[in-house]
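The values are calculated or read from the model by the stated rules, or taken from the named source; none is laboratory data. Computed from a predicted model, the values in this text were never measured in an experiment. Positions of Cβ are generated from backbone atoms using ideal geometry, with glycine treated the same way; all protein chains shown enter the neighbour counts.
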Amino acid sequence: MGAPNLTTMLGLGSKPADRETAISRKYIYAPWIGSAAYLHTIYKPADDAALVQNSNELSIPHIWQDFLRVQNGAHIYHVVSILGAIDPRQPMRRTPDDAGPFRIISSNREAKLSPTGEWLEIGVYSYSGARVLLHRLNHSVKAVDRPVKKDLASWADIDTWLRSELDRLSVLFNPEGRLLVDERLTEPSSDADV
């Protein structure tokens, strides 16, 4: 089975990007979010050297390295950001066309997660900053509320997390990408446990 491909999972596989940059493909222009906003931004595969450097520093499991080789992070539904492997010496890009994914090294440092511990932060939900954590050994995934570190939801593996969350989020937006419900409902909950 290969690494999950977000473009395919979102049903965008045969659709050309609405905007393509050197590092990303952007889908569904959403000016009501911001003048340069798109509902989905999927970053192109990770640079091999940056992936090796990030993996060595954080003990990134091979299953997540494989994911980053397909897409080096993403912003999905403007709700969940998937972290990418970026050379930590590379300056942060500030313009909408070349801004990269949130950095996996920086996020794990900020979360004070051990670089060789049980959990690796791989994403973040925008509403409250809930963290998405990957278990380094059994590859289960969980969402943890940032302020109180309470588990919000858990999934058996990466594929289950992505598929169930994309299905859940897809019904919260209309085809143009406008949110149909209260923003609080974009957060995962224990109802999502699979």
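Each row is one residue, and each column tells you yes or no for (1) assigned to a loop (DSSP other than H, G, I, E, B); (2) of a type outside the set (A, V, I, L, M, F, W, C); (3) buried (at least 20 other Cβ atoms within 10 Å of the Cβ); (4) in contact (Cβ under 8 Å) with a residue 12 or more places away in the chain.
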{"position": "8", "(1), (2), (3), (4)": "no, yes, no, no"}
{"position": "11", "(1), (2), (3), (4)": "yes, yes, no, no"}
{"position": "25", "(1), (2), (3), (4)": "no, yes, yes, yes"}
{"position": "41", "(1), (2), (3), (4)": "no, yes, yes, yes"}
{"position": "45", "(1), (2), (3), (4)": "yes, yes, no, yes"}
{"position": "52", "(1), (2), (3), (4)": "no, no, no, no"}
{"position": "60", "(1), (2), (3), (4)": "yes, no, yes, yes"}
{"position": "64", "(1), (2), (3), (4)": "no, no, yes, yes"}
{"position": "75", "(1), (2), (3), (4)": "no, yes, yes, yes"}
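Sort out which residues of the stretch 78-115 are modelled with pLDDT under 85 and hydroxyl-bearing (Ser, Thr, Tyr), and write them in order of number. So that I can check it myself, show each step before the final result.
The first filter runs over the stretch 78-115 and keeps only residues modelled with pLDDT under 85, leaving 87-100.
Result: 95, single match.
Can you pull out the residues in the stretch 129-153 that are within 14 Å of residue 111 (Cβ to Cβ) and either buried (at least 22 other Cβ atoms within 10 Å of the Cβ) or under 15 Å from the mean Cα position of the chain (by Cα) (or both)?
129, 130, 131, 132, 133, 134, 142, 143, 144
Within the stretch 27-39, can you find the residues that are more than 20 Å from residue 103 (Cα to Cα) and not in a loop (DSSP other than H, G, I, E, B)?
27, 28, 29 - these are the residues of the stretch 27-39 that are more than 20 Å from residue 103 (Cα to Cα) and not in a loop (DSSP other than H, G, I, E, B).
Looking at 149, 142 in this structure, which one is in a strand (DSSP E or B) and charged (D, E, K, R)?
Details: 149 fails: in a strand (DSSP E or B).
Exactly one residue qualifies, and that residue is 142.
Return yes when residue 129 is out of contact with any Ser or Thr (no Cβ under 7 Å at 6 or more places or on another chain), part of a loop (DSSP other than H, G, I, E, B), of a type in the set (Gly, Ala, Ser) and closer than 21 Å to residue 11 by Cα and no when it is not.
No.
With the condition kept exactly as written, say whether any residue in the stretch 82-98 is part of a helix (DSSP H, G or I) and surrounded by 15 or more Cβ atoms within 10 Å (Cβ to Cβ).
no
Before we move on, is residue 108 within 21 Å of residue 125 (Cβ to Cβ) and assigned to a helix (DSSP H, G or I)?
yes
Across the stretch 107-122, which residue is nearest to the chain's Cα centre (by Cα) among those that are closer than 16 Å to residue 151 by Cα and surrounded by 15 or more Cβ atoms within 10 Å (Cβ to Cβ)?
So the residue we want is 122.
If you scan the stretch 116-167, which residues turn out to be of a type in the set (A, V, I, L, M), in contact with a Leu (Cβ under 9 Å, 6 or more places away or on another chain) and closer than 13 Å to residue 187 by Cβ?
Within the stretch 116-167, 124, 130, 132, 143, 144 qualify.
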